[in-house]
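Here is the structure we will look at, set down as structure tokens.
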Amino acid sequence: MEAPPYSAIEVDVVRLPDGVRERDRVAAEEPLEIRIDGKPVAVTMRTPGHDEELALGFCISEGLRPERASPTEDLAANTVDVVAGGFDPERLQRSFYTSSSCGVCGKGALEAVSVEAPRVESKMHVPLGVVASLPDRLREEQAAFAVTGGLHAGGLFDVRGSLLCVREDVGRHNALDKVVGWAFLEGVLPLAESILCVSGRLSFELVQKAAVAGCPVLVAVGAPSSLAVELAADRGVTLCGFVRDGTANVYTEPWRIV
């Protein structure tokens, strides 16, 4: 399993204390401009690759209804154009405050997500053994991380723990957007019978994306934030953190884990 050539860049490095000068590979990071119906609406820093999926997943997570994504007519570099009927630029601007870094109150953020994401009512049950295995399964598929050590990943699994899709990116939110975009293209949204697994911690933004995608179980090796737990409880998402060595902390809707 080799990392895609566009996911890593060679740079010079000095290894101390020996002072050896070598070439090293680091995760590629470049801006991506997302346009909707030809109008620029957002720029995200991402690892190149699966850009159309990223743009589609981003739009879905922001409550839009995209139809398709493609390179722009002028073939501008690092730019994707999304077709989304009935696009309201002001609505997209209003939804941006759901980011955990913007300083708006948690109550307002929860209310914004509830408008775009119906409560997840899936009755799916998942064995603890399957949940506990997912972070390691995800790590095994991170070819670019193995080369650079600097990429997050998002993975989509079925109830048996079989991998359906994995995507890597410097931003964990981008990795999850790419997975949601893949699911959209495959026609499998909402993800009522699937599990999402992410590397790192569980932020409000990741729970938001899982909820909008209709996914009942979100798993991570790291810790959740308080607002992530609150949102998961509000939207009916089973939130599993600190998943490692056969154990898991289940913060919300624990009845799904058997």
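The values are calculated or read from the model by the stated rules, or taken from the named source; none is laboratory data. Computed from a prediction, not measured in an experiment: that's the story for all the values here. Cβ coordinates were reconstructed from backbone atoms using ideal geometry, including for glycine residues, and neighbour counts include every protein chain displayed. Side chains included, ligands, DNA and RNA excluded: accessible areas come from the protein's heavy atoms. Shrake-Rupley method; radii C 1.70, N 1.55, O 1.52, S 1.80 Å.
Values as computed for the structure displayed
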item: Apportionment of accessible area to carbon and sulfur, the chain, percent (1.4 Å); result: 52 percent
item: Cut-off under 5 Å, modelled amide H: who pairs with residue 164 long-range; result: 156, 157, 158
item: Percent of beta bridges antiparallel (DSSP, the chain, rounded to nearest 5); result: 75 percent
item: Contact order relative to length of the chain, as percent, for alpha carbon pairs under 8 angstrom and 6 or more apart; result: 19 percent
item: 5 angstrom amide H check on residue 42, placed H, neighbours 5+ away; result: 34
item: Surface accessible to a 1.4 Å probe, residue 123 within the full protein complex, Å²; result: 140 Å²
item: Student exercise, the stretch 202-258 dipole from Lys, Arg, Asp, Glu Cβ charges, in Debye to nearest 20; result: 120 debye
item: The chain pair-distance distribution - Cα-Cα, 5 Å bins, rounded %; result: 1, 6, 13, 17, 19, 16, 12, 8, 4, 2, 1, 0, 0
item: Centroid-to-centroid separation of the stretch 187-206 and the stretch 1-51 [C-alpha atoms, Å]; result: 24 Å
item: Label-point gap, in nm, between residue 185 and residue 88 - each point 7 angstrom along Cα→Cβ; result: 3.0 nm
